[in-house]
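Q: This is the structure I have questions about; it appears just below.
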Amino acid sequence: MKRFERLLIVILFLGCAACSRSRSQAALQTEPVELQLQVSTPFHFVTYGDSRFHDPKDTEAANPPVRQALVQAIAQTHPAFISFGGDIVYNGYDKNDWKVWDTETAVWRANNIPVYPALGNHDLHGDEKVALANYFERFPDLKNSRYYSVRAANTLLLVMDSALDETAGAQGQWLTQKLDHVTGDVDFVFLVFHHPPYTSSSDAKTFGGGHSARSPEQNLAKMLEARQKNLRARIIVFSGHVHNYERHEHGGVTYFVTGGAGAHAYPIERAKDDPFQSKEVNYHYLQVEVDRGSLKITMHRLELTHGTAVWTEPDSVAISVPTAKGAAQGSK
């Protein structure tokens, strides 16, 4: 066989192998799901994160009594759905942690309450394939989508994976497409992802733990605030990772840190211009009451120091979409 013919065969073989790999990868890829929840206004939902479901005998990983009390209290509010901001379990690879989730949240399934989760770093602990298999087994409606959307009445929920780049690559393209095509009947766009764009917490300054905002989420915030200038719908962001509660306002976008679902909460040194000031740890969930053109978000704080649940509402904010006239003036 001549040298040229041998070289041609090799090229053809490699080309076919590449095509085969490409087809195989395409078969594994799925378009992010677009879920629809049949609900009408007014309705309410709950959002929070950082529960770390784990062996309740191990009190180092989380606060099991707090975690369990929050689950029961949320069930009693009968929300249209629960938005979960990540770190659902302590170790994503651990089937036993997911069995604790199954047991402790059985009341939600008994009441047919949908749960729309975002992935947190703990949910990806260990072998990522194993961790994701455990995760998607619990949420089959996601159809292996690490990021996805949910349309509920006059709201659009965009759930993202902050282990991936939020403003570039496939997820960034998906987000851009979604924000480019927000329909006129959407009053509120909720973004849910684990790592917060704004936080008073810090890797260096927080006693007992803490996390600084990362550059990918800071870049995402800049993009969202630029979008908000020309968008009638209000953008609201829910994140976790920091085990406390925070509320920030930037460029017309409201950002919540809601990481008080059971992982050990810690006090944070808050900036003087933060809208919410607290030196306490804040185990909590947020209740979001949605109506046409307006909503109210209330922080429900749990104190369980002496074994008896004490509930307070130390922060609440109302958010409205602009009127048609106001929106037209704002776009000039």
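The values are calculated or read from the model by the stated rules, or taken from the named source; none is laboratory data. All figures in this text were calculated on a predicted structure; none of them were measured in a lab. Here the Cβ is made from the backbone with ideal geometry for all residues, glycine too, and neighbour counts use every protein chain on show. Heavy atoms of the whole protein, side chains included, go into the accessibility calculation; ligands, DNA and RNA do not. Shrake-Rupley method; radii C 1.70, N 1.55, O 1.52, S 1.80 Å.
Q: Suppose we filter the stretch 75-91 for residues that are buried (at least 19 other Cβ atoms within 10 Å of the Cβ), of a type outside the set (A, V, I, L, M, F, W, C) and not in a loop (DSSP other than H, G, I, E, B); how many remain?
A: 1
Q: Moving on to the next point. Val237: among the β-branched types (Val, Ile, Thr) and in contact with an Asp or Glu (Cβ under 6 Å, 6 or more places away or on another chain), yes or no?
A: no
Q: What number of residues within the stretch 256-297 are within 30 Å of Val186 (Cα to Cα) and not in a loop (DSSP other than H, G, I, E, B)? It would help to see each step written out before you state the result.
A: From the stretch 256-297, those within 30 Å of Val186 (Cα to Cα) are 256-261, 274-276, 284-297; that's our starting set.
Narrowing further to those that are not in a loop (DSSP other than H, G, I, E, B): 256-258, 284-291, 294-297.
Number of matching residues: 15.
Q: Kindly indicate whether Ala62 is assigned to a loop (DSSP other than H, G, I, E, B) and over 28 Å from Pro32 (Cα atoms).
A: yes
Q: Going through Asn154, Asn219, Asn144 one at a time, which residue ends up being of a type outside the set (D, E, K, R), within 23 Å of Tyr245 (Cα to Cα) and either open to solvent by 10 Å² or more (accessible area, probe 1.4 Å) or over 18 Å from the mean Cα position of the chain (by Cα) (or both)? Before you say what the answer is, go through the steps one by one.
A: On the way: Asn154 fails: within 23 Å of Tyr245 (Cα to Cα); Asn144 fails: within 23 Å of Tyr245 (Cα to Cα).
Being of a type outside the set (D, E, K, R), within 23 Å of Tyr245 (Cα to Cα) and either open to solvent by 10 Å² or more (accessible area, probe 1.4 Å) or over 18 Å from the mean Cα position of the chain (by Cα) (or both) holds for just one of Asn154, Asn219, Asn144, which is Asn219.
Q: Considering only the stretch 128-149, I want to know if a residue exists there that is closer than 27 Å to Gln76 by Cβ and among the β-branched types (Val, Ile, Thr).
A: No.
Q: Tally time: how many residues in the stretch 245-286 are more than 25 Å from His44 (Cα to Cα) and either within 16 Å of the chain's Cα centre (by Cα) or surrounded by fewer than 22 Cβ atoms within 10 Å (Cβ to Cβ) (or both)?
A: So the count comes out to 15.
Q: Can I ask one more? Select, from Leu295, Leu224, the only residue that is touching a helix residue (DSSP H, G or I) at 6+ places or on another chain (Cβ under 9 Å) and among the hydrophobic types (A, V, I, L, M, F, W, C).
A: Leu224 is the lone residue from the list that is touching a helix residue (DSSP H, G or I) at 6+ places or on another chain (Cβ under 9 Å) and among the hydrophobic types (A, V, I, L, M, F, W, C).
Q: Next question. Return a yes/no flag: does the stretch 92-115 have any residue that is touching a residue at least 60 places away in the same chain (Cβ under 8 Å), open to solvent by less than 30 Å² (accessible area, probe 1.4 Å) and not in a helix (DSSP H, G or I).
A: Scanning the stretch 92-115 turns up no residue that is touching a residue at least 60 places away in the same chain (Cβ under 8 Å), open to solvent by less than 30 Å² (accessible area, probe 1.4 Å) and not in a helix (DSSP H, G or I).
Q: So is Glu289 within 19 Å of the chain's Cα centre (by Cα), of a type outside the set (Phe, Trp, Tyr) and open to solvent by 50 Å² or more (accessible area, probe 1.4 Å) or not?
A: yes
Q: Moving to a separate point now. Restricting attention to the stretch 164-175, which residues are open to solvent by 50 Å² or more (accessible area, probe 1.4 Å) and under 16 Å from Glu225 (Cβ atoms)? Can you show your working first?
A: So the first thing to find is which residues in the stretch 164-175 are open to solvent by 50 Å² or more (accessible area, probe 1.4 Å), and the list is 164-165, 167, 170, 173.
Across the stretch 164-175, the qualifying residue is only Thr167.
Q: Taking the condition farther than 23 Å from Ala62 by Cβ, free of Cβ contacts under 8 Å to residues at least 60 places away in the same chain and touching a helix residue (DSSP H, G or I) at 6+ places or on another chain (Cβ under 9 Å), does Thr183 pass?
A: Taking the combined requirement at face value, the residue does not satisfy it.
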